[in-house]
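The values are calculated or read from the model by the stated rules, or taken from the named source; none is laboratory data. Quick caveat: nothing in here was measured; it's all calculated off a predicted structure. A quick note on method: Cβ atoms are made from the backbone with ideal geometry, for glycine too, and the neighbour counts reach across all protein chains shown. These accessible areas exclude ligands, DNA and RNA; they are computed on the full protein's heavy atoms, side chains included. Shrake-Rupley method; radii C 1.70, N 1.55, O 1.52, S 1.80 Å.
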Amino acid sequence: ATPTALMVGTGKGAENGVLIRDGEAVQTMKDITAVVLDKTGTITKGEAEVTDIITVGDFDEKEVLKLAGSAEKSSEHPLADAIVKKAKEKKIQLNETEEFNAVVGRGIKAVLNDKVILVGNQKLMELNEIDIKKLKDQIIELEEEAKTAMIVAYDGKAVGIIAVADTIKSDSVKAIKAFKDMGLKTIMITGDNARTARAIADQVGIEIIISEVLPEQKSNEVKKLQSQGEIVAMVGDGINDAPALKQANVGIAIGTGTDIAIESSDLTLVSGELSSVVSGLKLSRYTFSTIK
Ligand code: ADP
Ligand code: MG
């Protein structure tokens, strides 16, 4: 492209809330065939709130929240933040746990009074041989409501479920429809479980979902699409997304995202809105088809 074309592109991009780090990416954007969207923080606001606390056995709601909050206190995961926030709201005094272990893509493990607290998904419970048969129906129900259900276990037994919900960004539906109208294969990628992912995808009109992806596997999923001939734009916000943003033909970070995601991207959306990706793609198609 001529430098003028790039300048025009950059100028218009900035007006539309797109910050461009790599000029070449602006051109590549016109050739994109698939858009991969991270779920949490990209399609949704990434501000999880506790919606349900379900208890089993001898523990009441406050005790379940206290165990979970004590275990999650040192975690930086958005799900942990939601639990700790809820405990604070209820004025629950959290305990100091002795050991703390984040289990990537699964949850956390901490020790209190020589007993293990686990907070996480079904896989984490399976790995630690916690029986969750009695909770299965309730977990399914919560996940069908688009909530992420975390199981809390203490001393070898499941004691409850804490569910969180996230809000879909106001322009996600419109932007996703625009991607599809542009003929782009539109895909949601997430570490969350398949049922919750499906429920959110239904709300925004996405049919293709890659769920239960461990953080380090997100870039592999992008690679797979590329080997099928797709030219991929990846949109994400988290530390988890950084390798996938690098792998993609165009990596797009959203402005509210982590520094690592932004550094790994070609473009940053200042507004954090998916509509800016639509503007960027249209702008690239327009600019580089008229100038040639
Ligand atoms: P995502 O960023 O898409 O939520 P992660 O890989 O961070 O993906 O997490 C995948 C799943 O692992 C979560 O949906 C949750 O079930 C579980 N998980 C991860 N971290 C925690 C945590 N700190 N507390 C409870 N559950 C967690
Ligand atoms: Mg995210």
- Task: Name every residue in the stretch 160-203 that is acidic (D, E) and touching a strand residue (DSSP E or B) at 6+ places or on another chain (Cβ under 8 Å), in order of residue number.
- Result: D166, D192
- Task: Say whether the condition of being within 16 Å of ligand 1 (Cβ to nearest atom), modelled with pLDDT of 85 or more and closer than 24 Å to G105 by Cα is met by at least one residue in the stretch 173-188.
- Result: yes
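Of everything in the stretch 90-109, what is more than 16 Å from E76 (Cβ to Cβ) and either at pLDDT below 95 or in contact with a strand residue (DSSP E or B) (Cβ under 9 Å, 6 or more places away or on another chain) (or both)? Give them in sequence order. Break it down into steps so the answer makes sense when it comes.
Start the filter on the stretch 90-109 by keeping residues that are more than 16 Å from E76 (Cβ to Cβ), which leaves 90-93, 95-96, 98-99.
Listed by number, the residues that qualify are N95, E96, E98, E99.
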- Item | Within the stretch 145-175, tally of residues that are of a type in the set (G, A, S) and more than 18 Å from the chain's Cα centre (by Cα) | 4
- Task: Kindly provide the set of residues from the stretch 179-197 that are over 16 Å from the mean Cα position of the chain (by Cα) and open to solvent by 60 Å² or more (accessible area, probe 1.4 Å), ordered by number.
- Result: K180, D181, G183, K185
- Only one residue in I117, I92 is within 17 Å of V164 (Cβ to Cβ) and open to solvent by less than 60 Å² (accessible area, probe 1.4 Å), so which one is that? I92
- Message: Checking the condition of a type in the set (A, V, I, L, M, F, W, C), without any contact (Cβ under 8 Å) to a residue 24 or more places away in the chain and under 15 Å from G120 (Cα atoms), which residue from V50, V64, V84 passes?
- Response: V84
- Say we look at the stretch 34-76 and pick out the residues that are assigned to a loop (DSSP other than H, G, I, E, B) and surrounded by 16 or more Cβ atoms within 10 Å (Cβ to Cβ); which of these is nearest to ligand 2 (Cβ to nearest atom)? G46
- What about A87, is it in contact with a strand residue (DSSP E or B) (Cβ under 7 Å, 6 or more places away or on another chain) and open to solvent by less than 90 Å² (accessible area, probe 1.4 Å)? no
- Item | Failed item in (1) exposed (fewer than 15 other Cβ atoms within 10 Å of the Cβ); (2) over 20 Å from M125 (Cα atoms); (3) out of contact with any Lys or Arg (no Cβ under 9 Å at 6 or more places or on another chain), with V104 passing the rest | (2)
